[in-house]
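The values are calculated or read from the model by the stated rules, or taken from the named source; none is laboratory data. All values derive from a computational prediction rather than experimental measurement. Note: ideal-geometry Cβ built from the backbone for every residue, glycine included; neighbour counts use all protein chains shown. Heads up: the accessible areas ignore ligands, DNA and RNA and are worked out on the full protein's heavy atoms, side chains in. Shrake-Rupley method; radii C 1.70, N 1.55, O 1.52, S 1.80 Å.
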Amino acid sequence: MTRSTNDGGPTKKKLPFVRRMLTAQGRSLEITKAGYLFIVLTLAVGFAAINSGANLLHVLFGCQIGLIIASGMLSENMVRRAIVRRRIASPLHAGGRGALIVELRNASARGDMISVSVEDDDRVDSADKTEPVFSVAVPGGGVTTLHASVTMQRRGLHSLPKAVVATRFPFGLFVKRRDLPGRERVLVYPRIHPVEPAPLQEARAGVGEAKGARDRAGEFFGLSEYREGQELRRIHWPATARLGRAVVQEYESRGEAEQILELAPGRAGEASFETAIERVASQVVALLREGRVATGLRYADEIAIEPGIGPAHERRLLEFLALVGLERDPLDAGFEADAAGDGPEPAQGKGRAA
C-alpha cells in the first residue's frame with residue numbers, strides 16, 4: 001500500500017511493523033531471510049541451553065549473539081564512512097535514460113569500505129528511478145567512480161530520486177541503510193519523439209543558404225571577383241592591390257534556412273500543453289541536428305528565442321521548453337547544476353517561462 005499524493009510525485013510505502021521499529025535517525029535496518037533463520041536458530045539454542053543447562057549450548061548461544069552484535073557494528077561502520085556524490089553526465093529527457101556518475105568516497109583513512117551499494121530508497125514509491133551501483137571495496141581515504149543511469153518522467157527542475165547507501169556486510173543477515181543528505185537538482189528536458197526534418201524545412205525564402213555556401217554575413221568563406229552592382233564595402237582592398245583586380249569577401253551562412261516554431265501559452269500539467277511542448281522540442285532537435293536550420297521560438301505571440309544553430313542554441317531552446325508554463329521559473333532562482341561533457345548545463349535564454 002502507498003499513500004497517494006495529488007501532484008503525482010513520490011509516495012511513501014507502508015513498511016512492515018518490524019522494519020518500522022528498526023528505522024530511526026536516518027538509519028534503516030531490514031532483516032533478510034537468512035537473518036530471520038539465524039535469529040530463530042539462536043533463540044532455539046538459547047531455550048535449549050536454559051532447559052538442559054549444558055555449558056556447550058550456553059557458549060554456542062553466546063557466540064550467536066556475538067555474531068548478531070558484530071554484524072550490526074560492522075555494517076554501521078561501513079555506511080557511516082561513505083560519502084556519495086551523484087551528477088548527471090548527459091542530457092536528460094523526460095521518459096528517457098540519462099547517464100549518471102556516482103562518486104563513492106571512503107571518509108576514513110583506516111581500513112577499506114567493503115560491500116557498499118548506492119540505490120533508491122525502497123521506502124519511497126516513485127516513477128523516477130536510478131540504477132543501483134555496487135562497490136566491492138573502496139580503500140581508506142580513496143574514491144571510486146561508478147556509472148549508472150537515471151530515468152525521470154516529467155520535464156522541469158526536479159530532485160534526483162531519494163537515495164541511500166546500503167550494505168549487507170559482513171554476514172548477509174541484515175541490510176543496513178543510511179539516508180543520503182541532500183538531493184541533487186537536475187533539469188529535465190521534454191520528451192523527444194522521432195520527427196522527419198524534411199517537412200519542417202518549409203522556411204522563408206531568401207533567408208540563409210546551405211552550410212558551406214556563401215552568404216552576405218557570417219563566418220569568412222573566401223574571395224571572389226567583384227561583379228557590377230555588389231557593395232563596395234565588401235571589397236577586400238589588400239587582396240585587390242595584390243592581385244591587380246577587384247575582389248570581394250564572401251561569408252558562410254548560418255544554415256539552410258530560418259524557421260520560427262510557435263508554442264501557444266499554457267500551464268504545466270495540462271495534457272494538450274505538454275503534448276505541444278513535446279512536439280516543438282522534437283522539431284527543434286530534428287531541425288538543428290539534421291537539417292542545420294536556424295531555429296527560433298515564438299511563445300505567446302512574442303519571440304522568446306531568436307533563431308540560431310549549434311549545440312548551445314539547442315540547449316537554450318530545450319531549457320526554455322523544460323521550464324515554460326511552470327508556476328515558478330527556476331531560472332529566476334539562479335539554478336546551478338553540475339554537468340559533464342554535453343550534459344544539460346542551464347543557460348539563460350532570452351525568454352522566460354510563463
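Annotations
- Mean separation of Cα pairs under 8 Å and 6 or more residues apart, divided by the residue count, gives the range 10-123 a relative contact order of 19 percent.
- Once all protein chains are placed together, T144 keeps about 40 Å² accessible to a 1.4 angstrom probe.
- FRET efficiency, 1/(1 + (r/R0)^6) with R0 35 Å, evaluated for Q153 and D301 via beta carbons: 0.65
- Residue-wise HN-Hα couplings along the range 91-101, as the Karplus relation 6.51 cos²θ - 1.76 cosθ + 1.60 with θ = phi - 60° gives them from phi, are x, 10, 10, 4, x, x, 8, x, 6, 10, 10 Hz; Gly and Pro carry x.
- FRET efficiency for the pair R110 and A48, taken as 1/(1 + (r/R0)^6) with r the Cβ-Cβ distance and R0 = 41 Å, rounds to 0.50.
- Overall, the accessible surface of the range 1-145 at a probe of 1.4 angstrom is composed of carbon and sulfur to the extent of 63 percent.
- Within the range 91-109, backbone nitrogen closer than 19 Å to the virtual label 7 Å beyond the Cα of T275 toward Cβ: 94-95
- Virtual spin-label span in nm between L232 and S126, 7 Å along Cα→Cβ: 6.8 nm
- With 0.36 nm allotted per residue and the present C-alpha distance subtracted, the R245-V59 stretch has 56.3 nm of extension available.
- Spin-label proximity, R20 to the range 151-193 - amide N less than 15 Å from point 7 Å beyond Cα toward beta carbon: none
- Virtual spin-label span in nm between R185 and K162, 7 Å along Cα→Cβ: 1.9 nm
- With protein chains left intact and a 1.4 Å probe, residues in the range 1-98 average 65 Å² of accessible area per residue.
- The value of relative contact order for the range 75-159, using C-alpha pairs under 8 Å at least six residues apart, is 35 percent.
- Highest average first, the peptides 263-272, 126-135 ordered by how many other beta carbon atoms sit within 10 Å of their residues are 126-135, 263-272.
- Surface accessible to a 1.4 Å probe, K176 within the full protein complex, Å²: 20 Å²
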